[in-house]
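K.L.:
Have a look at this one.
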Amino acid sequence: MFKNYLKTAWRNLKNNKIYSALNILGLAAGMAVALLIGLWVYNEYTYDRFLPGYQQLYQVRRNFDNNGEVLNFTSTSLKLADALRSQIPEIEKVAESDWMGPHGLIVGDKKFYLNGGQIGSDFLQMFRFPLLKGDASRVLQDPYSIVLTESTARTLFGSEDPINKTVRFDNKNDLRVTGVLKELPANSSFHFNFLVPFSYYEQTTDYVKQQRTGQFQDNSYQIFVQLKPGITYAQVAPKIKDIEKSENTLNARKSDVVMQPLQRWHLYSNYINGKDSGGFIEYVRIFSIVGILVLLIACINFINLTTARSEKRAREVGVRKVVGSLRRDLILQFLAESFLLTFFAFLCSLVLVQLSLPSFNLLTGNKIYIPIGSSSFWVVMLVFVLITALVAGSRPAFYLSSFNPARVLKGGFRGGKAGSLSRKVLVVLQFSCSIALIISTLIIYQQVKYAQERPTGYPLNRLMVTDNTADLDKNYVALKNELIHGGIAENVTQATSPATAIHWHSDVDWPGKNVGESIEMGTMIVREDYFRTMGMPIVAGRDFSGTADTMGVIFNETAIKRMRLKDPVNQIISRGGSSRFQILGVVKDALMESPFAPAEPQMFMYYPGRQNYVLYRLSPGIKTADALVQLTALFNKYNPAYPYNYQFADQSYAAKFGQEVLIGRLSGIFAGLAIFISCLGLFGLAAYVAEQRTREIGIRKVLGASVPQLWMLLSKDFMLLVLISCLIASPLAFYFLQGWLQKYEYRIHIGPAVFLGAGLAALVITIVTVSFQSVKAALTNPVKSLKSE
């Protein structure tokens, strides 16, 4: 029987090629969007979950009480790592880590600057990334050893076996290769090319070794822990919370130690009042809903086109019922048609997804693929097709099977107001979703543009940053002189942070400070000419002038306001309760972290020794391309063990908008697809309405109706439906977007223009879509139209 259902379904599809093609194309587009979003959502949700025992892995963090506002930090101390090892028996393993930055690797005449980490010896036993060579319990034991990823080993040694070969690390020491890791998956929170034991960091860096026995406030590291099997975080949380408070320092008194599970790192990066309550998960949920909505829009097309052509199927239903078909049989027949059509649409959607994945991966920075070899994927897809077929086909199946055979066969059947009303409601629902997506895209674009145009407090153009090294620092003065005298750069300096980031400290005392008060303050150590290079104006006092100012500080305007200092210049502040510094000047506020947040309090200190970065601003008279050629030669001359690396400050700043820009682009793409699918349905409905009103159009033309009048007659109902959709979509979009904007302190105010623009765009698209059928019908020869009746 089911075979007969499919045969009949196939015959009906062939007899109605245009409507079948519209249905298949609309469903295929909707299913492709849903499938693509589904693959993306799955990829985001499964971050790090490929690691065995990921449920027991955590990162240690601190909740800091900043005058009643709870701030969260990942920066921790080595003393805390040792305390967790010795005092918390529920913790099985602990691995301390630096911040996994770039380092120089040399093998023979090959030199590279690659990202890697200096990590505790238990790391690869905790985070069990597959080792192609080596033993996870041994590879990080020798301080002078290194573990490479597969691609890095191939880059350094070609096809040779890298084990026991040596790599020159940061042009200081030779490290022996003890292991090779399989390439890290794209959906991993860790991205490194190599690992070096943390013990090497301690043995070669005096201040790191000293901080092992230092204070809890020496927060310059990361800590990862693994709980013992069967132990939950709830059992550990009360024991670690106050573990630092035995020490009488500001950070210890005000910090609660907490941990975040590995599976929440990627999606829950935003902490509010000490809890991971937001982050990228918000966008994953939004686009999950978008995928469902777009698929629903495609299903509505199917329902509308099928029920609109009910008169074409009415006689068939009547005959089948007369010869003995039960309503159940007819329902199964129409559901079989729906399944067959949905199956064809699914095959088309797979092709569409496969074709779009390269561009989608380039846009999102992922490596998503269709898991064709996975049986579970095909089971999910079968359920996906069945659900889509049921959603799209249930309404037409029950509607068409309900026809009265006597009435139908007498020729008295017409579609009726109920069917027409339901189609109008569904069209309104379709366009309400589509218009809401258009509005969302426009608001996201406006918010990003608003922040991008925000004054940064210093010019970004032609400002460059290069990582500093020991070799480069030795030649810093000669490099600086040659850059300036050679006309390549107009100013050069050093700082502990690049132009768009800062480190945070809170141990500052100032005149008039209240008991228990603290300010979480960005701190940067700089060398001479920092403010000139950055282009940040001093608004009070003076700039650093040289080594005599090592006990001087410069604050930004926000810091001075927070400290409530009326005449700050020459006043004395202290750090850590002992070191005293004189305020030399006040610099104008500049944005160094989030472009969506207000300027944070910042303190600048002077130290003539090596800092982490060299910053330089290109001279106005030199072309960037020419400057890069000369810069490469100069840096290779003064830093021969490293390849020349650089960043433009404007590109680094632009990267801060990456998430919002991505969401805006995805919203625009999906809004466009939603409109496209909705217009396919409108096109089919307009064709059907024109076909149904052929005789009426002919009579009106005979009586003198013009083409514009006939166009308006056939188009006005659709235009009215879109206008109603605008009225529904606008307040809904406003409500949700206003909530989304609340998370940005620097944000736009939603005005009426965006709603008018979205509505007008939808109306124009509707007119263009419907006009093809309307004008075609209006231009038809009335004699031919009346003869056809």
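K.L.:
Percent of Cα-Cα pairs more than 48 Å apart in the chain, please.
P.N.:
Roughly 37 percent, rounded to a whole number.
K.L.:
Still on this structure: Which entries in LYS367/LYS623; LYS133/LYS637; LYS561/LYS743; LYS93/LYS239; LYS110/LYS133 show an alpha-carbon gap greater than 26 Å?
P.N.:
Numbers: LYS367/LYS623 37 Å; LYS133/LYS637 37 Å; LYS561/LYS743 24 Å; LYS93/LYS239 16 Å; LYS110/LYS133 23 Å.
With Cα atoms farther than 26 Å apart: LYS367/LYS623; LYS133/LYS637.
K.L.:
Leaving out ligands and nucleic acids, and using a 1.4 Å probe, what accessible area per residue does the stretch 69-127 come to in Å²?
P.N.:
For the stretch 69-127, the per-residue accessible area is 35 Å².
K.L.:
Something else: I need the helices of the chain that pass two filters: whole DSSP H segments spanning 27 Å or more by Cα along the axis, and mean Kyte-Doolittle score no lower than -0.5.
P.N.:
Details: long enough: 17-45 (40 Å, 1.19); 281-308 (40 Å, 1.86); 327-364 (51 Å, 1.28); 375-400 (36 Å, 1.72); 416-452 (55 Å, 0.83); 658-692 (51 Å, 1.29); 707-741 (47 Å, 1.43); 752-778 (37 Å, 1.67).
The qualifying helices are 17-45, 281-308, 327-364, 375-400, 416-452, 658-692, 707-741, 752-778.
K.L.:
Right, here's the next one. Taking a probe of 1.4 angstrom, what is the accessible area of SER574 in Å², to the nearest 10?
P.N.:
The value for SER574 is about 20 Å².
K.L.:
Hey, another quick one. Pop out the carbon and sulfur fraction of the accessible area of the chain as a percent, whole number, probe 1.4 Å.
P.N.:
Details: 20650 of 35430 Å².
Carbon and sulfur atoms account for 58 percent of the accessible area of the chain.
K.L.:
Among 705-718, 620-633, 486-499, what's the highest-first ranking by average C-beta atoms within 10 angstrom per residue?
P.N.:
On the way: 705-718: 16.4, 620-633: 12.9, 486-499: 20.3.
Most protected by this proxy first, the peptides run 486-499, 705-718, 620-633.
K.L.:
Same structure, new question: Treating cross-link reach as a plain straight distance, find the aspartates and glutamates whose alpha-carbon is under 18 Å from the alpha-carbon of LYS209, omitting any fewer than eight places away in the same chain.
P.N.:
Counting by Cα, and skipping residues close in sequence, LYS209 has these aspartates and glutamates nearby: ASP82, GLU96, ASP98, ASP142, ASP218.
K.L.:
Across 5 Å bins from the origin, how do the percents of Cα pairs in the stretch 494-635 run, short distances first?
P.N.:
2, 9, 18, 22, 19, 12, 8, 4, 3, 2, 1, 0
K.L.:
I would also like to ask the following. Considering only DSSP beta bridges whose two residues both sit in the chain, what percent are antiparallel, to the nearest 5? Intermediate values should be presented prior to the final figure.
P.N.:
Details: 71 of 90 bridges.
Beta bridges within the chain, antiparallel portion: roughly 80 percent.
K.L.:
Among PRO498, TRP740, GLY751, whose Cα sits farthest toward the positive end of the charge dipole of the chain (+1 at Cβ of Lys/Arg, -1 at Cβ of Asp/Glu, about the Cα centre)?
P.N.:
The Cα lying farthest towards the positive end belongs to GLY751.
K.L.:
May I ask you to order 300-306, 197-203 by the average number of other C-beta atoms within 10 Å around their residues, highest value first?
P.N.:
The peptides rank, most packed first, as 300-306, 197-203.
K.L.:
How many nm separate the modelled label positions at ILE292 and ILE538, each set 7 Å beyond the Cα in the direction of the Cβ?
P.N.:
So the label points at ILE292 and ILE538 sit 6.0 nm apart.
K.L.:
Taking 7 Å along the Cα-to-C-beta vector as the label spot, tell me the ARG285-TYR735 distance in nanometres, rounded to one decimal.
P.N.:
It works out to 1.6 nm between the two label points.
K.L.:
Calculate the all-directions average of the projected area of the stretch 39-124's alpha-carbon convex hull, and give it in nm².
P.N.:
Averaged projected hull area, Cα only: 10.0 nm².
K.L.:
With a 1.4 Å probe and every protein chain left in place, work out the accessible area per residue of the stretch 479-546 in Å², rounded to a whole number.
P.N.:
Values: 2460 Å² over 68 residues.
On a per-residue basis, 36 Å².
K.L.:
While we're looking at this one, here's another question. If each DSSP helix of 4+ residues adds -39,500 (n - 2.57) and the sum is divided by the residues in the chain, what number results at 222 nm, nearest 500 deg cm²/dmol?
P.N.:
The per-residue figure over the chain is -16500 deg cm²/dmol.
K.L.:
Using the Karplus curve 6.51 cos²θ - 1.76 cosθ + 1.60 with θ = phi - 60°, what ³J(HN,Hα) values do you get for each residue of the stretch 262-273, in whole Hz, with x for Gly and Pro?
P.N.:
Taking θ as phi minus 60°, the curve returns 4, 5, 9, 4, 6, 8, 10, 8, 9, 9, 10, 6 Hz for the stretch 262-273.
K.L.:
Over the residues of the stretch 428-548, compute the C-alpha Rg and express it relative to 2.2 N^0.38 Å.
P.N.:
Normalised by 2.2 N^0.38 Å, the Cα Rg of the stretch 428-548 equals 1.63.
K.L.:
Can you list the residues, at least 5 places off or on another chain, whose amide H is less than 5 Å from the amide H of LYS93, using H built in the peptide plane?
P.N.:
GLN226
K.L.:
Hey, if we sort TYR45, TYR530 by accessible area with the 1.4 Å probe, largest down, what's the order? Present the calculation step by step, with values, prior to reporting the outcome.
P.N.:
Details: TYR45 90, TYR530 5 Å².
Listed by decreasing accessible area, they come as TYR45, TYR530.
K.L.:
Shifting gears a bit: I'd like to know which of MET563, ALA654, ILE163 lies farthest towards the positive end of the charge dipole of the chain, counting +1 on Cβ of Lys and Arg and -1 on Cβ of Asp and Glu.
P.N.:
ALA654
K.L.:
Please work out the average accessible area per residue across the stretch 729-773, using the 1.4 Å probe convention, and give it in Å².
P.N.:
55 Å²
K.L.:
Right, here's the next one. Rule-of-thumb check for the stretch 573-681: C-alpha Rg over 2.2 N^0.38 Å?
P.N.:
Compared with the compact-globule rule of thumb, the stretch 573-681 sits at 1.74.
The values are calculated or read from the model by the stated rules, or taken from the named source; none is laboratory data. No experiment lies behind these values; they were computed from the predicted model shown. We place every Cβ from the backbone using ideal geometry, glycine too, and count neighbours over all the protein chains shown. Quick note on the areas: whole protein, heavy atoms, side chains included, nothing else; ligands and nucleic acids left out. Shrake-Rupley method; radii C 1.70, N 1.55, O 1.52, S 1.80 Å.
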